[in-house]
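The values are calculated or read from the model by the stated rules, or taken from the named source; none is laboratory data. As the structure is a prediction and not an experimental result, all values here were calculated from the model. Ideal geometry is used to build each Cβ from the backbone, glycine not excepted, and the neighbour counts take in all protein chains shown.
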Amino acid sequence: MNARRTTALVATASIAVLGSTALAACGSDSGSGDGGDGITVGIKFDQPGLGLKEGSKYTGFDVDVATYVAKQMGYDEDQITWKQTPSPQREQMLQAGQVDMIFATYSITDERKQKVDFAGPYFIAGQDLLVRSDDSSITGVDSLKGKKLCSVKGSTSARNVKEDVPGVNLQEYDTYSKCAEALANGAVDALTTDNTILAGYAAQPAYKGKLKVVGKTFSEEIYGVGIKKGDKDRCTKINDALKKMIDDGAWQKAVDANFGPAGFKVDTKVNPPKPGGSC
């Protein structure tokens, strides 16, 4: 009798432990909903004015917009983990769940929408050229034939140049900061990417007065928030947050704070954009 009672007690205890373990496992999945333990946001680490890491500090327009959106989704700033997302790796990082959303001058394209979804847009930029201040030979994309032009692997900027300027000598680097360095030391003749990014480099103390933006855009780059494909709930939450940011003036404050020092003029014909089209 005592043996049977002991066996029953052990079985009951085992069931209780298994039950609590299952509940704990279910409760630990904070990534399935918003407002949990934290959120991982992909940004660029080397784009002044947009996404820049200096020590443990993160600054830029993308950082400010991401912080605002995360706050509206229930995450405080100290719950955000910032992760570097290089252009060629953005889709696979979302697909692998390494980041929850990406704010990294991520242009919405039909090709990318095959692999990931986009909320937004939250800004519309244009592709331009950065050259040395004493160089008057490059006045636009039509004067690039025979020139050494730098861009980043996997970027829309590199793809646009390959399609539109067949005579250019395209050099593809890992980051725009390496391109800017190569331009300053004469290894390449120009750097191409979005005008927002170029303005940030031109305003950096190391390049101020040495580099200039040509100011002749030749594309429209629609910045979206990259998310895992099929995540409609998160897409809607991000769009709602972006709409609020534009309506309450926080979006304009972020524009002024990050682009103002570079003297960059935002195209008000297309900005601020209207979020919501991608969901």
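Of the residues in region 39-61, at least one is part of a helix (DSSP H, G or I), modelled with pLDDT of 50 or more and not acidic (Asp, Glu).
What about residue 68, is it surrounded by fewer than 23 Cβ atoms within 10 Å (Cβ to Cβ), touching a residue at least 60 places away in the same chain (Cβ under 8 Å) and not β-branched (Val, Ile, Thr)? So residue 68 passes the test. Is it true that some residue in region 223-238 is surrounded by fewer than 21 Cβ atoms within 10 Å (Cβ to Cβ), in contact (Cβ under 8 Å) with a residue 60 or more places away in the chain, over 24 Å from residue 92 (Cα atoms) and out of contact with any Phe, Trp or Tyr (no Cβ under 7 Å at 6 or more places or on another chain)? Scanning region 223-238, I find no residue that is surrounded by fewer than 21 Cβ atoms within 10 Å (Cβ to Cβ), in contact (Cβ under 8 Å) with a residue 60 or more places away in the chain, over 24 Å from residue 92 (Cα atoms) and out of contact with any Phe, Trp or Tyr (no Cβ under 7 Å at 6 or more places or on another chain), so the answer is no. Among residues of region 175-190 that are on the phi < 0 side of the Ramachandran plot and free of Cβ contacts under 8 Å to residues at least 12 places away in the same chain, those with a beta-carbon under 9 Å from a residue that is surrounded by fewer than 17 Cβ atoms within 10 Å (Cβ to Cβ) and among the small types (Gly, Ala, Ser) at least six positions away or on a different chain give the pairs 181/187; 181/206.
Listed by position, the helices (runs of 4 or more DSSP H) inside region 142-249 whose residues that are within 22 Å of residue 86 (Cβ to Cβ) number at least 2 are 156-164, 176-184, 195-203.
The set of residues in region 80-92 that are touching a Gly at 6+ places or on another chain (Cβ under 9 Å) and either of a type in the set (Ser, Thr, Tyr) or more than 13 Å from residue 44 (Cα to Cα) (or both) comprises 80, 81, 85, 87, 91.
Among the residues of region 146-177, write down those that are within 20 Å of residue 202 (Cβ to Cβ) and surrounded by fewer than 17 Cβ atoms within 10 Å (Cβ to Cβ). Within region 146-177, 148 is the sole residue that qualifies.
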